[in-house]
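Undergrad: This is the structure, below, for whatever I ask next.
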Amino acid sequence: VELSCIIKSTVTLNPRIEWKKIRDGETSYVFFDNKMQGDFATRAEILSQTSLMIKNTTRMDTATYRCEVAALSDTKTIDEINIQLTVQ
C-alpha cells in the first residue's frame, strides 16, 4: 500500500516529515526522526521523501494515518493530512 503525502511547494530545504498511525484512539509513530518505528521498521519505507509504502499489509494496519509536514522557513510552517486505510 502506498499512502501519498504530497508537498506542493516549500522554501524549506528539508522539511520535517512525520507519519503517525491512529487506531482505537491510540496514536503511534510510523516514521519519526527520519526512521521507521516499531514493526514498520522491517516492512515500510518512505518514497519520494514523503509517501509511505507499507509492505505485507494486514487487517492490523487498518487505521487513520497522519502525515505531518513542518517547514519552518515557509509562511505556513506546519500542515497535515489524514488518510483512512482499510485493509479487507
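Undergrad: Among the residues of the range 14-30, write down those that are over 15 Å from V1 (Cα atoms) and either open to solvent by less than 60 Å² (accessible area, probe 1.4 Å) or touching a Gly at 6+ places or on another chain (Cβ under 7 Å) (or both).
TA: Once the filter is applied, which keeps residues that are over 15 Å from V1 (Cα atoms) and either open to solvent by less than 60 Å² (accessible area, probe 1.4 Å) or touching a Gly at 6+ places or on another chain (Cβ under 7 Å) (or both), the range 14-30 yields P15, I17, E18, K20, I22, S28.
Undergrad: Which residues, taken from the range 42-80, are among the hydrophobic types (A, V, I, L, M, F, W, C) and touching a strand residue (DSSP E or B) at 6+ places or on another chain (Cβ under 7 Å)?
TA: Of everything in the range 42-80, those that are among the hydrophobic types (A, V, I, L, M, F, W, C) and touching a strand residue (DSSP E or B) at 6+ places or on another chain (Cβ under 7 Å) turn out to be A44, I46, L47, L52, M53, I54, A63, C67, V69, A70, I78.
Undergrad: Could you give every pair whose Cβ atoms fall below 8 Å, whose first residue belongs to the range 53-82 and is among the polar types (S, T, N, Q), and whose second residue is open to solvent by 60 Å² or more (accessible area, probe 1.4 Å) and modelled with pLDDT of 95 or more, counting only separations of at least 6 or pairs across chains?
TA: Listed by first residue and then by second, the contacts come to T57/V1; T62/R23; T62/T86; T64/R23; T64/N82; T64/Q84.
Undergrad: In the range 1-13, what residues are open to solvent by 50 Å² or more (accessible area, probe 1.4 Å) and either more than 15 Å from V69 (Cβ to Cβ) or within 12 Å of the chain's Cα centre (by Cα) (or both)?
TA: V1, E2, S4, I6
The values are calculated or read from the model by the stated rules, or taken from the named source; none is laboratory data. Treat the numbers as computed from the prediction; the structure is a model and nothing was measured. Cβ sites come from the backbone with ideal geometry, for glycine too, and all protein chains shown count toward neighbours. Just so you know, the surface numbers come from the protein's heavy atoms only, side chains and all, with ligands and any DNA or RNA stripped out. Shrake-Rupley method; radii C 1.70, N 1.55, O 1.52, S 1.80 Å.
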